[in-house]
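Undergrad: Before I ask anything, here is the structure I am working with.
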Amino acid sequence: MSGGFDLRDEPWIPVRLLTGGSVRLGLRELFKRAHEIEDLLLPVPPAAAGLLRILAAITARIGQNAGVRLDDTGVAEDIEDWHLLRRRVLKRGRFEPEVVDAYFDKEVPAGCFDLFDQERPFLQDPRLAAQCVDAKGAPNSSGVNKLVMGRPTGVNGAVLFGHFTDTAPVPVPTHEAAWHLIAQLYFGPSGQCTPRRITDVRAGSGDAAPLRKSVSYFAWAPELFTSLVLAVPSPQAEVDWEERDACPWEAELNAPMEPLPAMTWPGGLLTGRFRHAVLLVPSADHRSVSDAYITWSTHETAREARDPYQILDRRKDGAFQPREADGARALWRDIDSLLLKDSRQDAQRPPGLEDLPKSVLPTLRVRAYGFEQDGQQKDSVWFQSTTPPVLQWQEESNAEMAYHVSRCHRVAEDAGSRLDFAAKVAWRIATDAQADASPKGKVRIDQRKPGPWAAAALSRYWPSAEREFWRLVSPEQTAAAIERPFVEAALAALDEAIGQVNRADIRVARARSRARAILLRLLPETEAA
């Protein structure tokens, strides 16, 4: 039975066309017109990060050449054969409309792309209406404010957009509710949630969503078709190749109390790791969502899986973990980890950026979607950023440029770190008469009271450093001395943080001189004078 908002055909995904116009499309038209689309325009980056994984899973089903699909396990047995197939799919330049229709109309069970289908609503669990009840058996929903990322609920007072309260919830348009449904499943919190009764136990806590507090990196082409084909993860993933691969909309509802199914490629890897269960409650006309149930979907230990779009950083104990999103960290500071091979640094490049076709490398940028959060309930800031075409400089294709980019990044980071230290030293000298201000004397920094200059200086330094980075990152600059531009940017940031008026004070002047000397030591001896 249809629920009245079919994501195959309802316009819910905002895009920008190559012609410059903007429009919202359903899934069917998005794939049919992918070669005409320049960009996705979702204003909620965590939803975009999740949606791209969903689109990549569908691309694996419909991206084909001569009837052979990108998710063909026979072809996947030989990685070179799979790369050849991907190149042939790219060469076609578009998805075949009849293949798109066949997938959406014949291969997926009826109603599974309908947001409000009574039996199989898209990415939802209809059982929650009966299982999320209070002690008296009355419905116990989570509220629409809990669904919408950016609205405050309970103790989470962060307000990203608008002002809403649980006592006066504002319904959300259905197409926006679809975005936040996806964002919840990929970035939802851990800890206390709406209780769900399946057995005699009314459990009310769950685990964090698979992408929580992370940042995702995608190869980004001039048009969406190529971006989606390149987003299909390599079959080199460590998964169970004997089990049938299925996305949630292609399979039966999960069994919350049973062991998790095996991790499969590519659908299970991209869409089969959810830890939350959601059910949307529509308005009478299905044009908005007025309430929602959000709870746990399983308490089983998550299957190990290497996400295709994340950088892994080496921890102090030698293990690797996904790079955490930081709203204050610009994308250019991650570029060396996207260009260099894993063996040359303490970071592992996203598998999705490995073995990219040489024919498209010169045009490929990197798109990043991140959501700065803690591991439980606090949401801070989300962000989206795109680089210039830098993937042509990956180490395998252009080692000289890859090392040059890495060198520029390292010098910029060193200058930023030294600026932080120098500004704290200057503050201590300027405000503490007992601090040793002699040129070689040691100054103890109180990390609990670092003073305001360090934060102010860094907030000025990083935008300047980014401008210098992009100026220096070019083939013409590979032999240039790169230390001085970053040191001068740090010196200027320090002066701005201290302020012109403060420098008239003799103690401040002495502190400034000491801090400048700390920064100038970053220059090679031939330039330090």
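Undergrad: If amide hydrogens are placed 1.01 Å from N in the peptide plane, which non-local residues have theirs closer than 5 Å to the one on residue 114?
TA: Answer set, sorted by chain and number: 7, 122.
Undergrad: Expressed as an acute angle from 0 to 90° and rounded to the nearest 10, what is the orientation of the C-alpha long axis of helix 79-92 relative to the principal long axis of the chain?
TA: Rounded to the nearest ten degrees, it is 80.
Undergrad: Find the relative contact order for the chain and round it to a whole percent, using C-alpha pairs within less than 8 Å whose residues are 6+ positions apart.
TA: Relative contact order comes out at 13 percent.
Undergrad: Next question, about the same structure. Which of the aspartates and glutamates could be linked to residue 424 by a straight reach, that is with a Cα gap under 16 Å, when you skip same-chain ones fewer than 8 residues away?
TA: Cross-link targets: 414, 432, 436, 446, 495, 496.
Undergrad: Specify the angular offset, from 0 to 90 degrees and rounded to the nearest 10, of the alpha carbon long axis of helix 506-520 from the longest principal axis of the alpha carbons in the chain.
TA: 70 degrees
Undergrad: Just grab the label-to-label distance for residue 476 and residue 252, each label 7 Å out from Cα along the Cβ direction, in nm (one decimal).
TA: 6.6 nm
Undergrad: Does the range 241-335 classify as rounded, prolate or oblate by the C-alpha gyration tensor (a ≥ b ≥ c root eigenvalues; a/c under 1.5 gives rounded; else a/b over b/c gives prolate, otherwise oblate)?
TA: Since a/c reaches 1.5 but b/c is at least a/b, the shape of the range 241-335 is classed as oblate.
Undergrad: Among 274, 218, 31, 113, what is the fewest-to-most ranking by other Cβ atoms within 10 Å?
TA: The fewest-first ordering by Cβ neighbours comes to 274, 113, 218, 31.
Undergrad: May I pose another question? Got a sec? How would 69, 448, 127 order by Cβ neighbour count within 10 Å, fewest to most?
TA: The fewest-first ordering by Cβ neighbours comes to 448, 127, 69.
Undergrad: Determine which residues of the range 29-55 fall in the zone a paramagnetic label at residue 9 would reach in this model, i.e. backbone nitrogen under 13 Å from the point 7 Å along Cα→Cβ.
TA: Residues 29 fall inside that zone.
Undergrad: While we're here: Between residue 107 and residue 129, how many nm apart are label points set 7 Å from Cα along the C-beta direction?
TA: 3.1 nm
Undergrad: May I ask for the angle, rounded to the nearest 10°, between helix 483-498 and the longest principal axis of the chain, with both axes built from Cα atoms and the value confined to 0 to 90°?
TA: Value to nearest ten degrees: 80.
Undergrad: Most exposed first by the Cβ proxy, i.e. fewest other Cβ within 10 Å, how do 449, 213 rank?
TA: Ranking 449, 213 by Cβ neighbours within 10 Å, fewest first, gives 449, 213.
Undergrad: Next question, about the same structure. Skipping prolines and chain starts, which residues have an amide H placed within reach, meaning under 5 Å, of the one on residue 25, given they are 5 or more residues away or on another chain?
TA: 12, 13, 15
Undergrad: Continuing with this model, one more query. Show which aspartates and glutamates lie in cross-link reach of residue 91 when reach means a straight Cα distance below 16 angstrom and same-chain residues fewer than eight apart are skipped.
TA: The reachable aspartates and glutamates, counting only those whose Cα sits under 16 Å from residue 91, are 36, 81, 223.
Undergrad: Kindly provide the helix-only [θ] at 222 nm of the chain, computed as the sum of -39,500 (n - 2.57) over DSSP H runs of four or more divided by all residues, to the nearest 500 deg cm²/dmol?
TA: -10000 deg cm²/dmol
Undergrad: Return the sequence-ordered ³J(HN,Hα) values of the range 42-55 in whole Hz as given by the Karplus equation 6.51 cos²θ - 1.76 cosθ + 1.60 applied to θ = phi - 60°, using x for Gly and Pro.
TA: 4, x, 10, x, x, 5, 5, 4, x, 4, 5, 5, 5, 5
Undergrad: Could you tell me which of rounded, prolate or oblate describes the range 401-520, using a ≥ b ≥ c as the square roots of the eigenvalues of the alpha-carbon gyration tensor, with rounded for a/c under 1.5 and, failing that, prolate when a/b is larger than b/c and oblate otherwise?
TA: prolate
Undergrad: Using the Kirkwood formula on the Cα atoms of the chain, what hydrodynamic radius do you get, in angstrom to one decimal?
TA: 25.5 Å
Undergrad: Please turn the phi angles of the range 19-26 into ³J(HN,Hα) values with the Karplus equation 6.51 cos²θ - 1.76 cosθ + 1.60 (θ = phi - 60°), one per residue in order, whole Hz, x for glycine and proline.
TA: Listing the rounded values in order: 6, x, x, 10, 7, 9, 10, x Hz.
Undergrad: Shifting gears a bit: Quick one: Karplus J couplings for the range 135-141, per residue in order, coefficients 6.51, -1.76, 1.60, θ = phi - 60°, nearest Hz, x for Gly and Pro?
TA: Each residue's phi maps through the Karplus curve to give 4, 9, x, 7, x, 10, 7 Hz.
Undergrad: Further question: Sequence-distant or interchain residues sharing an amide H contact under 5 Å with residue 288, placed H: which?
TA: 174, 283
Undergrad: Now for a separate question. Name the lysines eligible as straight-distance cross-link partners of residue 146: C-alpha to C-alpha under 26 Å, and not fewer than 8 places from it in the same chain.
TA: Leaving aside lysines fewer than 8 places away in the same chain, those within reach of residue 146 are 136, 213, 378.
Undergrad: Taking the Cα-to-Cβ direction at residue 510 and at residue 88 and moving 7 Å from each Cα, how far apart do the two end points lie in nm?
TA: Once both label points are built, they end up 7.8 nm from each other.
Since every read-out is calculated from the coordinates, none of them should be taken as a lab result. Please read these numbers as outputs of a predicted model, since none were measured by experiment. As a convention, Cβ positions derive from the backbone with ideal geometry for all residues, glycine included, and neighbour counts pool all protein chains shown.
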